[in-house]
Protein chains: 4
Amino acid sequence: MKYSEDFLDAAQQLIDAGRFIDSKGWVPATSGNFSARLPDGTIAITVSGKHKGRLQPDDIMLIDAEANSLDGKKPSAETVLHTSLYKRFPDIHSVLHPHSLNATLISRIFKSGVVLEDYELLKALCGITTHESRIVVPIFSNDQNIPRLAELVEQYLDRHAICYAYIIAGHGLYTWGNSVQETLRHLEALDFLFDCELRLHGVKNE
Amino acid sequence: MKYSEDFLDAAQQLIDAGRFIDSKGWVPATSGNFSARLPDGTIAITVSGKHKGRLQPDDIMLIDAEANSLDGKKPSAETVLHTSLYKRFPDIHSVLHPHSLNATLISRIFKSGVVLEDYELLKALCGITTHESRIVVPIFSNDQNIPRLAELVEQYLDRHAICYAYIIAGHGLYTWGNSVQETLRHLEALDFLFDCELRLHGVKNE
Amino acid sequence: MKYSEDFLDAAQQLIDAGRFIDSKGWVPATSGNFSARLPDGTIAITVSGKHKGRLQPDDIMLIDAEANSLDGKKPSAETVLHTSLYKRFPDIHSVLHPHSLNATLISRIFKSGVVLEDYELLKALCGITTHESRIVVPIFSNDQNIPRLAELVEQYLDRHAICYAYIIAGHGLYTWGNSVQETLRHLEALDFLFDCELRLHGVKNE
Amino acid sequence: MKYSEDFLDAAQQLIDAGRFIDSKGWVPATSGNFSARLPDGTIAITVSGKHKGRLQPDDIMLIDAEANSLDGKKPSAETVLHTSLYKRFPDIHSVLHPHSLNATLISRIFKSGVVLEDYELLKALCGITTHESRIVVPIFSNDQNIPRLAELVEQYLDRHAICYAYIIAGHGLYTWGNSVQETLRHLEALDFLFDCELRLHGVKNE
């Protein structure tokens, strides 16, 4: 298959993002998956089973908005978690799903969600202009039945218009943005804030 | 605009400092800002919204001592926190403001300031010649009203002649020195000592 | 001695693996050893006493299935721990033994083994397809008498068909897989999960 | 001054060691100092005030066994701590003094010394052949009067023939070996073991 310039550009952005994310230790083993929506509505997404810090162009595939393969490659089971976010939010153009230690630990310590407030770094999230903000990152139970998990996420997002990310318990984080770069900014900020909350949780409980 | 050799040299020092500071994880997302005062009293300073670990020459702008743009670029809201330090301390030529995890956690755990004493590394701070020294790094409440925050800092500095740095709660650290290199040395020493205090705080409270 | 292409290829994989493992801090000083089984049943293995992050081709030697040197180089005392795993598991082609901080701490805190369950990252282990799995990584007492230690491992493996790795107390981890790459994936996943368990152990006991 | 080949070789080893040690975060700001004894008994040693991760050949000076400068450069105040070790131990050819976080924290938590036992990594220390060993790393109070501090160290070493390293409280570690490479191995092993002890101290006291 001959890929478009848009696809090749998005694929390179995902490869670079993977190298950065891996340098932080957020995609151990072959975990995680990343995607970017192209101007024509199709989606470039990582195939499963590859180490996300050492992605090659061939490790990125093309799907349509319904998660069907357009190039014969086999998409990951979690692909539908990406496509349902793209359907809900017309302005987003990237979804990143790493498995960071902090997100995993957060999900084991906090029950249904973690509250982030009174941090200057909240301003790294699109649309937030003051540290006097409060956001919730919800935590969902892990489920190998991805359509069922996607439905749970949908129900939450129906009730909460403002949401920057969610955590799947014992698994990892999903976050999104209007470009790969903005999504990386969201990811970097969220992981920093998760780190703060974990460290402060230890102190509070002393 | 055609920039002077002094500006271009200072800009390169800030770019290099940003790469170093980012390698330590102290400027997550697009947080932080850095400046250097030139021999003629004008100031090279990072524009806002860029990742400080990947600065390009175009991401550094020129302002005067009153924080007015001299090259048409738009300065960050926090610029006045830099200019007020330059006005107060005629000998300093650089101000660095990272958002490190340690500074953020310190501000959540200690109330109005953190005391650093009996560390050999205090000698990395300009003018300190023995570990038998005691310095206080004050902590100020965060405020999106930067002139009001700057005024709070001014009042503190009026009363405390010796001060190497201050923390804005839930936000980050400001530190300064007579060159970019000296300020980096102050930053590296302070973050190390914050790390010590955080780790020992956990132990003391066991 | 003139080495085969298979040996040279395996040696390069072990050198690269060592550089990666050292970048994580898992082979401090000259600790650890790594091996790969070649198609003809002989085994490429690191000689002892070298820093595993800076291996040279000359630091890899060739042994037979009984741990006898085939090239005149002197094998490490721990070589028999590699050969006994290769004898037991006909499908594995690599054994990696790092000394990570997490494995060392796990062995000091947990008694006879550590249980890993309900983590998505368990799926990085060969044959596991759901987070609803439970594995045990056994911990054996350290022993300078390696044949005796090997015997202890053998007895455990006789009773437990499914085993991905074991820890030697105060020493390090042994893990294996059907290729160097798969074994690295196991190692990366296990160390991440050990990190989780250590951090959560602290929280649980607060 | 024209330096000998031996000096230039030792200087390069110290530069490389500094880059490695800095990559671990063990020489924050401009802390630490390193030396190597040459075959003729003179000593190559870092000058003070430089960042040890970015040493240049000009940052290494030559002294005699009495700590007198042989090339007109000014030695650090701590030079005598190096020369007294070289006098006592005829077989050692390198002394490394980093300021690691772990050594600093150890000195704040443990009183007069830290005991390391039952670790396989003890075998990284010259002469130790089993994990069933027990070593003590003594801790001395910091003192800006270096001759007085050196005297304290001498008295301790008079009473304890076997000693691999000592900690100066709130300051850092001194360790030594028969080459720069062996001393780095000692340093890497000791910092790993300090890390273990600090982490386990937290657990024990829960």
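Only the coordinates and a few stated rules stand behind these numbers; no lab work does. None of the values given here were measured: they were computed from a predicted structure. No Cβ is skipped: glycine too gets one built from the backbone with ideal geometry, and neighbour counts run over all protein chains shown.
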Open item on the list: If I take every Cα pair under 8 Å that is 6 or more residues apart in chain D, average their sequence separation and divide by the length, what percent do I get for the relative contact order?
Closed with: 20 percent
Open item on the list: Using a 7 Å offset from Cα along the direction of the beta-carbon, what are the separations from A:D118 to the same position in each other copy, nm, ascending?
Closed with: 3.0, 3.1, 4.3
Open item on the list: Looking at chain C, identify the longest residue range that excludes and avoids all trypsin sites (Lys or Arg not before Pro) in DSSP loops having at most 13 other Cβ atoms within 10 Å.
Closed with: C:112-206
TODO: For each of D:T130, B:T104, B:T129, B:T79, count neighbouring Cβ atoms within 10 Å of the residue's Cβ, then give the residues from fewest to most.
DONE: B:T129, D:T130, B:T79, B:T104
Task: DSSP-defined beta bridges in chain D - what % are antiparallel, rounded to 5 - done: 90 percent
TODO: Quick one: what are the phi-derived ³J(HN,Hα) couplings along the stretch C:2-17, Karplus 6.51/-1.76/1.60 with θ = phi - 60°, whole Hz, x for glycine and proline?
DONE: 9, 8, 6, 4, 4, 5, 4, 5, 5, 4, 5, 5, 5, 4, 5, 4
- [ ] Starting from the eigenvalues of the Cα gyration tensor, five times each then square-rooted, give me the equivalent ellipsoid semi-axes of the stretch A:43-189, largest first, whole Å.
- [x] 25, 17, 15
TODO: Please work out the C-alpha center-to-center distance from the stretch B:78-142 to the stretch D:109-145 and express it in whole Å.
DONE: 34 Å
Task: Normalised alpha carbon radius of gyration of the stretch D:70-134 [divisor 2.2 N^0.38 Å] - done: 1.48
Task: R0 of 25 Å, Cβ-Cβ distance C:E154-D:E132: FRET efficiency to nearest 0.05 - done: 0.65
Open item on the list: Apply the Karplus curve 6.51 cos²θ - 1.76 cosθ + 1.60, θ = phi - 60°, to the phi angles in the stretch C:135-151 and return the couplings in whole Hz, x for Gly and Pro.
Closed with: 10, 10, 9, x, 10, 10, 5, 5, 7, 6, 7, 5, x, 5, 5, 4, 5
Task: Reachable lysines, given that their alpha-carbon falls under 16 Å from the alpha-carbon of D:K111 and they are not under 8 places away in the same chain - done: B:K204
Open item on the list: If you take every residue apart from D:E151 with its C-beta less than 15 Å away from the C-beta of D:E151, what net charge results, scoring Lys and Arg +1 and Asp and Glu -1?
Closed with: 0
Open item on the list: Relative contact order for the stretch B:50-141: what percent, with Cα pairs under 8 Å and sequence separation of 6 or more?
Closed with: 16 percent
- [ ] Any chance you could tell me what percent of the C-alpha pair distances in the stretch D:49-107 go past 18 Å?
- [x] 47 percent
Open item on the list: Give me the percent relative contact order of the stretch D:22-97, please, defined on Cα pairs under 8 angstrom at least 6 residues apart.
Closed with: 31 percent
Task: Rg [Å, one decimal], Dmax [Å, integer] - the protein assembly as shown, C-alpha atoms - done: 27.9, 79
- [ ] Name the aspartates and glutamates eligible as straight-distance cross-link partners of D:K2: C-alpha to C-alpha under 14 Å, and not fewer than 8 places from it in the same chain.
- [x] D:D58, D:D71
Open item on the list: Nearest 5 percent is fine: what portion of the DSSP beta bridges confined to the protein assembly as shown is antiparallel?
Closed with: 90 percent
Open item on the list: From the mean inverse distance of alpha carbon pairs (Kirkwood) and the Cα radius of gyration, derive Rg over Rh for the stretch A:1-117.
Closed with: 0.99
